[in-house]
Amino acid sequence: MVVIGTPDEESSQIFAETVTTGDPTYVGPLAGVALNLDVYHVLESDVKDGVDATIYDEQVGLMEDALPSAELAELVRSIRAK
């Protein structure tokens, strides 16, 4: 399992696809190498629910408020579902 904390949709998509189906840019060593790892964004409720609330708020709270949390979570969920 891989947990990413990327701040925007473009980087989230690239990292999520890289660890599932292989590097989509075809420039790195994982080009075409499907690792088939489950990938989650740290802003997904599944991740948040699995972490102590105090620690999550200290480490991720500001990020959760500043970033498009729902969009990032949905993007990574959709890549995981492929």
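Once the range 25-59 is narrowed to residues that are within 23 Å of A70 (Cα to Cα) and hydrophobic (A, V, I, L, M, F, W, C), the residue that is surrounded by the most Cβ atoms within 10 Å (Cβ to Cβ) is L43.
So, in the range 4-41, exactly how many residues are part of a helix (DSSP H, G or I) and in contact with a strand residue (DSSP E or B) (Cβ under 8 Å, 6 or more places away or on another chain)?
Applying the first criterion (part of a helix (DSSP H, G or I)) to the range 4-41 yields 9-20.
Adding the requirement that they be in contact with a strand residue (DSSP E or B) (Cβ under 8 Å, 6 or more places away or on another chain) leaves 12, 15-16, 19-20.
Qualifying residue count for the region: 5.
Of all the criteria given as (1) assigned to a helix (DSSP H, G or I); (2) free of Cβ contacts under 8 Å to residues at least 40 places away in the same chain, the one not satisfied by L75 is (2).
None of the figures in this text is laboratory data; all of them are computed from the coordinates on show. None of the values given here were measured: they were computed from a predicted structure. Neighbour counts are summed over all protein chains in view; Cβ atoms, including those assigned to glycine, are modelled from backbone coordinates with ideal geometry.
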